[in-house]
Amino acid sequence: MNHLTDAELIALSKRDEVAFETLMRRHGPKAAALARSLVGESQVDDVLQEVFISVHRGLKNFRGEAEFGTWLHRITLNACYAKLKRVVPEALEDYEHHLSSDQNVQKNAERAQLRSLIESGMQTLPLEQREAFALREFSGLEYESIAEILRCQLGTVKSRISRAKASLKEFLTSKGVRP
Amino acid sequence: MDNPKDDPWDNLIREASQPDQRDMAAVDRALLKVRQHNRKHQIWFRTLQGGLATAAVVAGLSFWSFSHNSSGGVVGEAEAQLAYDAYSDAAGGW
């Protein structure tokens, strides 16, 4: 089913479990990365499961006015907001713990370490910058789609992302990272 | 450095932000949860269907039983009438 377009998979997903899984394997990893960057490692499973079940239920009403990816990331963002209201974000120490675990178990330790550091640095950003940055870098969305999701001006999105990057560069530099 | 695309930090962050094995694994776990959710939903739906079917059968049987008893009464009355007629005939004959 991998050769099918999103629209074809969406049409099939309403009845076909394999089509739904193909669709979610295509877009889900970026949604997972977005969720992880916003709510932290310990909450990502809860958020993603809620998101997938919501998507599964909502697909029958999905009319394709927005791209599926944009819709999925909007749902993911809403699930993250709901989680953030209920749970205190992970402390920086928790990220440092994940960091050391990653170093032991992952093949690409250097990249995993950098990503963990970025996620850790994101926790120091204001939420509005964090979500804009995450939608850009983790979800890989265009600025226009981010503006649509966050319901704000394009210039505002660019400004938030720019400020987030500046803060992150500072954070990463303080941790000894050099590009 | 004027072009943001040439900023090595941007490239570094973009590369590190790509989905990794943890994200794939989280997707697998979420899909498993969806499957379980669907199974539960199917079981619930079938149980409801079974319950409704049982209720329909019980209602049908009750109605049939009620009708049967009522018609039994009619048959009983008819039998009594026949017995009375037979008695009357016999009495008349007497």
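Over all directions, the projected convex hull of the C-alpha atoms in the stretch B:1-69 averages 7.6 nm² in area. Of all the options A:VAL51, A:VAL18, A:VAL39, the one that moves most in a Gaussian network model of chain A with Cα springs shorter than 10 angstrom is A:VAL18. The local environment of A:GLY155, defined by Cβ-Cβ distances under 13 Å, has a net charge of +2 under the rule Lys, Arg +1 and Asp, Glu -1. Computed from the Cβ-Cβ distance with R0 of 30 Å, the FRET efficiency linking A:GLU67 to B:MET24 stands at 0.85. The accessible-area ordering, largest first, of the residues A:ASP6, A:ASP46 stands as A:ASP46, A:ASP6, per a 1.4 angstrom probe. Largest accessible area first, the listed residues A:CYS80, A:CYS152 line up as A:CYS152, A:CYS80 when surface is computed with a 1.4 Å probe on the assembled protein chains. Measuring between alpha carbons in the structure, the pairs from A:LYS85/A:LYS165; A:LYS165/B:LYS33; A:LYS169/B:LYS33 lying more than 27 angstrom apart are A:LYS165/B:LYS33; A:LYS169/B:LYS33. In the full protein context, chain A carries 48 Å² of accessible surface per residue, based on a 1.4 Å probe and ignoring ligands, DNA and RNA.
The values are calculated or read from the model by the stated rules, or taken from the named source; none is laboratory data. Model, not experiment: these values are computed from the prediction. Don't worry about glycine lacking a Cβ; one is built from the backbone with ideal geometry, like all the others, and counts go over all protein chains shown. Surface accessibility is based on the protein's heavy atoms, side chains included, excluding ligands, DNA and RNA. Shrake-Rupley method; radii C 1.70, N 1.55, O 1.52, S 1.80 Å.
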